[in-house]
Amino acid sequence: MTMHHTRSGRGKPLLLIHGLGGSHRSWDTIMTALAKERDVIALDLPGHGQTPAEADSGTFNGLARSVEDWLVSENLEAIDMVGSSMGARLVLEMARRGRAGAVVALDPGGFWQGWERTFFKTTITASLAAVRAMQPALPAITKNVAGRSALMLQLSAKPWALDPSLVLNELRSFAGTSTFNSLVTDLATGPMQDGPAATDASVVIGWGRKDRLCLPRQANRAMAAFPKAKMHWFAESGHFPMWDQPIDTIQVILDATGRSASA
């Protein structure tokens, strides 16, 4: 399995796994700071960014298989991992399989129940359709505070404060992800994420208090699945703490996984 990735920094390796529709660029807000302390590897998952989709990349289990195969092929088993959204669920799954070192899962998907499943599928599908329809106008819309806020309100607690280039890149990545719709269906209808971790490596689950996609009430289910995990709440964050509270996110990651001095 070959996956496009970037690598920068020094020290002990640290793997970053983006969320649904994202890419390695989803971590731009914290990448430079993390690379001062760790050897940071940021993936493009199959069907995302510059990594081609495989036959099963439209399912969560398919992505998990790809990640596990890649870790083995790159001799990166037991690497420390950070994931966001669907990527957060993937790092929890790697912990469950005993393939991860220390894990930080930021607002993981996979813990919705009942009407929350329909809410997730309906809202994210509608958002993607709108983004794809307005692609030619996205550069202008994302430079406008009102336009940026309208497009990112479900994903950020303060979308007006986001860098327009970050928003533009992320929305273009959403629109260009060929497996987006099939993954949404699979995530919305599939089983809840299993736990616990197969090793004693630390697990930190971070959640934005203002997450409007993976609702904060789901954090209790995540902690029930991973009872040895530590919970960290980002008080002023939506679905992506590395966007809304980057400094705090960097601190949480380095506290959980270590710095170069301890690598």
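Laboratory data are not the source of any read-out in this text; all were calculated from the coordinates shown. The model shown is predicted, which means the values in this text are computed figures rather than measured ones. Note that each Cβ is placed from the backbone with ideal geometry, even for glycine, and that neighbours are counted across all protein chains shown.
Count neighbours as other Cβ atoms within 10 Å of each site's Cβ, and list the GluC sites (Glu not before Pro) in the stretch 73-116 that are DSSP loop with at most 15 such neighbours.
GLU77
Suppose a student asked you for the relative contact order of the chain, using Cα pairs under 8 Å spaced at least 6 residues apart; what percent would you report?
The value is 24 percent.
Mind ranking 195-206, 232-243 by how tightly packed they are, going by the mean number of other C-beta atoms within 10 angstrom, highest first?
Averaged packing, sorted descending, gives the order 232-243, 195-206.
What whole-number volume per residue, in cubic angstrom, does the convex hull of the C-alpha atoms of the stretch 10-82 give?
For the stretch 10-82, the hull spanned by Cα atoms encloses 87 Å³ per residue.
Helix 164-176 versus the longest principal axis of the chain: what is the Cα-based angle in degrees, 0 to 90, to the nearest 10?
Around 90 degrees separate the two axes.
In whole angstrom, note down how far apart the Cα centers of the stretch 212-263 and the stretch 86-116 are.
Cα centres, the stretch 212-263 to the stretch 86-116: 12 Å.
Roughly how tilted is helix 86-96, in degrees to the nearest 10 and between 0 and 90, from the longest Cα axis of the chain?
20
Taking a ≥ b ≥ c as the square roots of the eigenvalues of the Cα gyration tensor of the chain, is the shape rounded (a/c under 1.5), prolate (a/b larger than b/c) or oblate?
Rounded.
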